[in-house]
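The structure appears right after this line, and notes come after that.
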Amino acid sequence: MISVIILTKNEETDLPACLNSLTWTDDIHVLDSFSTDKTCEIATQHGAKISMNAFESFGKQRNFALENIVLKHNWVLFLDADEVSTPAFANAIKLAINNADEETAGFYCCWKMMLEGIWLKRSDNFPKWQLRLLRKGRVTFKDFGHGQKEDQVIGNVLYIKEPYTHFGFSKGWSHWIERHNRYSSLEAIARLDICPPFKNIFSKHGSTRNPALKSWMVKVPGWPLLRFIYTYIFSLGFTEGLPGLIYAINLSFYEHMIMIKTREVLSQRHKTSKDIGQNSIAISKQESPELELI
């Protein structure tokens, strides 16, 4: 009924829980980026089919999976190794595709972010949406920031409100900070170059509204502090105890990294543009020397 694709690289810690949650499907595929740990061994032990492709970006990797993996079913669910399908989520997606008409190309799904056993429902601004369940041949992806979003969609995209579970901190805070340091560089460029229209901020659909908010709010002075205040106070993150506080602080720090890297990118582009202009003038003078006066 539903084929599942999991993108991996060195995921021996998280992958077992993800695979153990997928007993409801008979077609599991692991697209691995040449792991050096026991990721592929674990996948094989759980009956998953393994494919290999060097990772460039999430958008390209998902497109590679859709174009090259032989899937048993017409519907495809993408999960990451640190994500777990709950029984309620499995039932919800089965019900959704059973009731889907031919015009339905896919479904936005949402997640429950977990930290120290606490669901960060308020701190993580639940629900956040990604197109994870799709009909084969009807959706392609493109890169957006550190992740991806849908590119070409043939048909309608609906919403599944029942979440799956996301253990984004399973490898520890050092790994999270290292990863988000890389992500912030990609986010800075994306928010500069792929800025959605301002009107999208007022969209009722989170999948449209959130990218616009990210791109426009980074321009606001003091945005990292405002992000902390919004997350911890106005979104009631303080009701989620110490995990809520830790998460709010680190989200603010992440936005701070994006902001300073945005300034860095703009400064470098300005310098590059200035250097090109000066070089063009110098070349022009060399090619068109002044005529000597007689």
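Would you pick out the residues in region 124-159 that are over 18 Å from the mean Cα position of the chain (by Cα) and under 30 Å from F234 (Cβ atoms)? Give the derivation first.
Initial filter on region 124-159 (over 18 Å from the mean Cα position of the chain (by Cα)): 135-138, 154-156, 158.
Passing the criteria: only L158.
Every residue in region 70-115 that is touching a strand residue (DSSP E or B) at 6+ places or on another chain (Cβ under 8 Å), of a type in the set (A, V, I, L, M) and surrounded by fewer than 18 Cβ atoms within 10 Å (Cβ to Cβ), please.
Residue satisfying the conditions is L71 alone.
Just name the residue that is nearest to D143 (Cα to Cα) out of those in region 18-35 that are hydrophobic (A, V, I, L, M, F, W, C) and open to solvent by less than 30 Å² (accessible area, probe 1.4 Å).
Step one: list which residues in region 18-35 are hydrophobic (A, V, I, L, M, F, W, C), which gives 18-19, 22, 24, 28, 30-31, 34.
From the residues that got through so far, the ones that are open to solvent by less than 30 Å² (accessible area, probe 1.4 Å) too are 18-19, 22, 28, 30-31.
Details: C18: 24, L19: 26, L22: 27, I28: 24, V30: 20, L31: 18 Å.
Among those that are hydrophobic (A, V, I, L, M, F, W, C) and open to solvent by less than 30 Å² (accessible area, probe 1.4 Å), it is L31.
Please pick out the residue among K161, K199, K142 that is under 26 Å from V76 (Cα atoms), out of contact with any Asp or Glu (no Cβ under 8 Å at 6 or more places or on another chain) and open to solvent by 50 Å² or more (accessible area, probe 1.4 Å). Before you say what the answer is, go through the steps one by one.
Working: K199 fails: under 26 Å from V76 (Cα atoms); K142 fails: out of contact with any Asp or Glu (no Cβ under 8 Å at 6 or more places or on another chain).
Selected residue: K161, the only one of K161, K199, K142 that is under 26 Å from V76 (Cα atoms), out of contact with any Asp or Glu (no Cβ under 8 Å at 6 or more places or on another chain) and open to solvent by 50 Å² or more (accessible area, probe 1.4 Å).
Among the residues of region 237-252, are any within 13 Å of G145 (Cα to Cα), assigned to a helix (DSSP H, G or I) and of a type in the set (S, T, Y)?
Keep residues of region 237-252 that are within 13 Å of G145 (Cα to Cα), which gives none.
Within region 237-252, none of the residues are within 13 Å of G145 (Cα to Cα), assigned to a helix (DSSP H, G or I) and of a type in the set (S, T, Y).
Which residue out of L19, L31 is closer than 17 Å to S85 by Cα, hydrophobic (A, V, I, L, M, F, W, C) and free of Cβ contacts under 8 Å to residues at least 40 places away in the same chain? Show your work before the answer.
Numbers: L31 fails: closer than 17 Å to S85 by Cα.
Residue meeting the stated conditions: L19.
Output the number of residues of region 182-231 satisfying the condition of being of a type in the set (S, T, N, Q) and over 21 Å from S252 (Cβ atoms).
Adding up the residues that qualify gives 4.
I'd like to check something: does region 209-223 contain any residue that is farther than 25 Å from A92 by Cα, outside any helix (DSSP H, G or I) and among the basic types (K, R)? Step through it out loud before you land on a result.
Initial filter on region 209-223 (farther than 25 Å from A92 by Cα): 211-223.
Subsequent filtering for residues that are outside any helix (DSSP H, G or I) retains 218-222.
Of the ones still in play, those that are also among the basic types (K, R) are 219.
There is at least one residue in region 209-223 that is farther than 25 Å from A92 by Cα, outside any helix (DSSP H, G or I) and among the basic types (K, R).
Can you tell me which residues in region 116-138 are surrounded by fewer than 23 Cβ atoms within 10 Å (Cβ to Cβ) and either of a type in the set (A, V, I, L, M, F, W, C) or at positive phi (or both)?
E116, G117, I118, W119, N125, F126, W129, L131, G137
Scan region 48-59 for residues that are within 29 Å of T104 (Cβ to Cβ) and either surrounded by fewer than 16 Cβ atoms within 10 Å (Cβ to Cβ) or of a type in the set (A, V, I, L, M, F, W, C) (or both) and jot them down.
A48, S51, F58
Is there any pair linking a residue in region 183-206 that is touching a residue at least 40 places away in the same chain (Cβ under 8 Å) and under 14 Å from L266 (Cα atoms) to one that is open to solvent by 20 Å² or more (accessible area, probe 1.4 Å) and of a type in the set (F, W, Y), with Cβ under 6 Å and at least six apart or on different chains, and which?
If the second residue must be open to solvent by 20 Å² or more (accessible area, probe 1.4 Å) and of a type in the set (F, W, Y), the pairs left are A190/F144.
Quick check on my filter: what residues within region 164-196 are modelled with pLDDT under 90, open to solvent by 60 Å² or more (accessible area, probe 1.4 Å) and part of a loop (DSSP other than H, G, I, E, B)?
Listed by number, the list holds a single entry, I194.
Run down K199, K142 and say which single residue is over 28 Å from P87 (Cα atoms) and touching a strand residue (DSSP E or B) at 6+ places or on another chain (Cβ under 9 Å). Before you say what the answer is, go through the steps one by one.
Working: K199 fails: touching a strand residue (DSSP E or B) at 6+ places or on another chain (Cβ under 9 Å).
When all the criteria are applied, what remains is K142.
Which condition number in (1) surrounded by 20 or more Cβ atoms within 10 Å (Cβ to Cβ); (2) closer than 20 Å to E11 by Cα; (3) of a type outside the set (F, W, Y) is the one that K38 fails?
Only one criterion in (1) surrounded by 20 or more Cβ atoms within 10 Å (Cβ to Cβ); (2) closer than 20 Å to E11 by Cα; (3) of a type outside the set (F, W, Y) is unmet by K38, namely (1).
Would you tally the residues in region 75-90 being of a type in the set (D, E) and in a loop (DSSP other than H, G, I, E, B)? Explain how you work it out, then say what you get.
Taking region 75-90 as the starting set, the residues that turn out to be of a type in the set (D, E) are 80, 82-83.
Next, from what is left, pick out any that are in a loop (DSSP other than H, G, I, E, B): 82.
Result for region 75-90: 1.
The values are calculated or read from the model by the stated rules, or taken from the named source; none is laboratory data. Not measured: the values here are computed from a predicted model. Heads up, the Cβs are rebuilt from the backbone with ideal geometry, glycines too, and the neighbour counts pull from every protein chain shown. When the accessible area is computed, the model is the full protein with side chains, heavy atoms only, and any ligands, DNA or RNA have been set aside. Shrake-Rupley method; radii C 1.70, N 1.55, O 1.52, S 1.80 Å.
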